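Presented below is the structure to which this report refers.
The values are calculated or read from the model by the stated rules, or taken from the named source; none is laboratory data. No experiment lies behind these values; they were computed from the predicted model shown. Cβ coordinates were reconstructed from backbone atoms using ideal geometry, including for glycine residues, and neighbour counts include every protein chain displayed. Please note that ligands, DNA and RNA were not included when accessible areas were found on the heavy atoms of the full protein model with its side chains. Shrake-Rupley method; radii C 1.70, N 1.55, O 1.52, S 1.80 Å.
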Amino acid sequence: MLARRVTRIYTKTGDAGETGLFGGGRVGKDDARVEACGAVDELNAALGAARARGVDPELEALLAGAQSALFTIGADLATPPGARARSAVPPVEPAWTLALESAIDRFELALPPLRHFVLPGGTAAAAGLHLARAVCRRAERRVVALHRREPVEPEVLAYLNRLSDFLFVAARVANHRAGSPETLWDPHHRR
């Protein structure tokens, strides 16, 4: 009988509040680099949750691409500048940001003009996309905080900024295609 080799998910190396970076080195789990990586990971999970709520095939493909891009961005952020492992990390491509811009422009042509603030909600898919947009903005803030301490690739910052714009428009598209009206913010609404 062959013994099955088990690879465990836990290493116990982080039990004291530190974690390893790609390419070596250990830092506190509250380090700005780890915060940025964690926020991007949370964003990736939020996109997965939005996709699981059911989006049309076009949005599905774009969101799957964004998840893949975020994985690359996470690897980039997890690798400190100057680490030898940098050569193993695929680059964050400017074309990814351009693709988001193209999708935004295409979608906005099919949407009614936006003249008021929109409250997050509508269909389950749209609500999930609005939530992912808010998580994206937090990830962007964490990456900017890291960038204030040490350099971050400019394409990482540009991509996250454009992704949040895309997610807002994608939420509007999901509602529009489902025939679900958007709830506009009424600043005079009595609470």
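Using alpha carbons only, how many degrees (0 to 90, rounded to 10) separate the axis of helix 154-178 from the longest principal axis of the chain?
40
Among P151, P81, P57, which one moves the most in a GNM of the chain with springs linking Cα atoms closer than 10 Å?
Maximum among the listed residues: P57.
Using a 1.4 angstrom probe on the protein heavy atoms only, could you order H130, H188, H147 from most to least accessible area? Show your work: numbers first, answer last.
Values: H130 5, H188 150, H147 80 Å².
Listed by decreasing accessible area, they come as H188, H147, H130.
Find the accessible area per residue for the range 96-191; the probe is 1.4 Å, ligands and nucleic acids are left out, and the unit is Å². All intermediate terms of the calculation are to be shown ahead of the outcome.
On the way: 5620 Å² over 96 residues.
Averaged over the residues of the range 96-191, the accessible area is 59 Å².
Please give the peptides 136-142, 99-105 ranked by average Cβ packing (other Cβ atoms within 10 Å per residue), highest first, as a rough proxy for protection.
Most protected by this proxy first, the peptides run 136-142, 99-105.
With everything on Cα atoms, drop me the angle between helix 57-77 and the longest principal axis of the chain, reported from 0 to 90° to the nearest 10.
In the chain, helix 57-77 runs at an angle near 30 degrees to the longest axis.
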